[in-house]
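Colleague: First the structure, which I've put down as structure tokens, then a few questions once you've had a look.
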Amino acid sequence: MSRGTGTAFSRRSYKLSSESEKPKVTGIVNEKLLNDYLYRIFPTTERIRLAAAYRKPLSFQNLQEHLDQLLNSDDGEENNKDQTVEGRLGPSTVVLDHTNGFEGLLLVDDDLLGVIGHSNFSSIRATTCVYKGKWLYEVLISSQGLMQIGWCTLNCRFNQEEGVGDTPDSYAYDGNRVRKWNVTTTNYGKSWAAGDIVSCLIDLDEGNISFCLNGVSLGTAFSNIVMGPGMAYFPAISLSFKESVAFNFGSRPLRYPVEGYCPLQDPPNTDLQKVYRLLGFLKNVIHIGIDGSEGKLVEGDPAAWQLQGEPTVLITLAHIFNHFSPLMASPGG
């Protein structure tokens with residue numbers, strides 16, 4: 001960061017190099033000390049060290065580029081992985097299909113995971129389906145009214161009178177009326193309330209569908225479901241006016257994971273790796289200090305660390321938290 005940015009720092013607190021000294025002045029600490037400090041806070045990975053013939057001097061002018069390189073060094077490897085998972089079809093990021101996988105009027109949240117019914121009986125399905133293996137997703141019940149939650153195939157055609165569970169190839173749990181639905185209906189499960197979490201499980205090896213309420217199994221709801229060529233099941237819901245839920249397909253850790261069952265969406269490993277690296281950089285800030293009067297780096301005591309307004313440290317922290325913000329706002333955060 002150079003002078004003229006509109007931020008003034010007191011010269012009384014920091015020794016700045018004189019014109020006669022070798023290192024150039026950055027306006028924070030001398031260029032050599034800043035370079036040493038930034039490389040201690042943001043050390044290069046082994047892959048980047050091997051790829052570079054020499055180490056480029058670091059300053060606040062090129063720190064953003066260096067930080068991007070550190071955080072994205074594994075992205076190419078991650079993106080080159082085959083996104084096709086056996087038994088699952090569709091985008092690797094699973095959301096509600098607000099383009100054509102719905103019937104009736106619905107209000108879908110910006111993250112495409114929350115939905116509110118806005119007509120008599122609206123239905124919507126997810127963007128990803130499964131045809132083999134054991135899968136689950138969770139639904140946070142935000143209101144306790146009339147809803148039917150479960151699974152459907154692409155062939156299911158809903159309207160504002162018939163929804164998930166009212167057609168032959170769809171299956172649903174209804175905690176408002178405490179029933180299960182597959183064309184006909186029988187008693188099943190327990191009554192749900194706002195704040196409850198419903199886990200929807202499908203076993204396409206055995207042909208079973210079951211549900212859990214707040215981590216407690218409600219037992220097998222359907223056996224011998226239709227399977228075979230061309231049969232794949234989407235998470236789906238039908239809900240009446242003003243009823244609302246929020247889905248978790250796996251972009252966040254499941255509240256109640258079930259052994260042997262996989263969430264529809266793989267954990268966001270790339271984002272998690274970035275978070276761990278950023279936390280490591282924060283740890284370095286706490287452990288490494290700058291002695292401006294001596295012009296050297298010092299090992300600090302983490303227990304006694306205090307943020308005292310050092311501009312170099314403040315700007316360094318700003319770069320770190322600038323990368324935290326989008327990760328916290330993402331569905332995987």
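Colleague: Give 132/180; 180/274; 32/274; 32/283; 56/283; 190/274 a once-over and call out the pairs whose C-alpha atoms are over 32 Å from each other. Before the final figure, lay out each step's value.
Modeller: Values: 132/180 23 Å; 180/274 43 Å; 32/274 28 Å; 32/283 22 Å; 56/283 23 Å; 190/274 41 Å.
Over 32 Å apart, Cα to Cα: 180/274; 190/274.
Colleague: Just check the range 98-141 against the gyration tensor rule for me: Cα atoms, a ≥ b ≥ c as the square roots of the eigenvalues, rounded for a/c under 1.5, and otherwise prolate or oblate depending on whether a/b exceeds b/c. Don't jump to the answer; show the numbers that get you there.
Modeller: Numbers: a/c = 2.07, a/b = 1.73, b/c = 1.20.
Judged from the Cα gyration tensor, the range 98-141 comes out prolate (a/c at least 1.5, a/b above b/c).
Colleague: Continuing with the same structure: Could you compute how much accessible surface residue 323 exposes when probed at 1.4 Å, giving the result in Å² to the nearest 10?
Modeller: 30 Å²
Colleague: What length, rounded to one decimal in nm, is gained on full extension from residue 157 through to residue 258, with 0.36 nm per residue of separation minus their alpha-carbon distance?
Modeller: Working: separation 101, 0.36 × 101 = 36.36 nm, distance 3.05 nm.
33.3 nm is the gain from fully extending residue 157 to residue 258.
Colleague: For the range 199-303, with every protein chain kept in place, what is the accessible area per residue (1.4 Å probe, Å²)? Walk me through the numbers before you get to the answer.
Modeller: Values: 5050 Å² over 105 residues.
Using a 1.4 Å probe on heavy atoms only, each residue of the range 199-303 averages 48 Å².
Colleague: Shifting gears a bit: Tell me the label-point distance for the pair residue 325, residue 111, using the 7 Å Cα-to-Cβ offset, in nm and rounded to one decimal.
Modeller: 1.9 nm
Colleague: Related question: Could you work out, for the range 171-252, what percent of all Cα-Cα pairs fall into each 5 Å distance bin, beginning at 0 Å and stopping at the bin that holds the largest distance?
Modeller: 3, 12, 24, 27, 19, 11, 4, 1
The values are calculated or read from the model by the stated rules, or taken from the named source; none is laboratory data. As the structure is a prediction and not an experimental result, all values here were calculated from the model. Glycine also receives a Cβ, built like all others from the backbone with ideal geometry; neighbour counts cover every protein chain displayed. When the accessible area is computed, the model is the full protein with side chains, heavy atoms only, and any ligands, DNA or RNA have been set aside. Shrake-Rupley method; radii C 1.70, N 1.55, O 1.52, S 1.80 Å.
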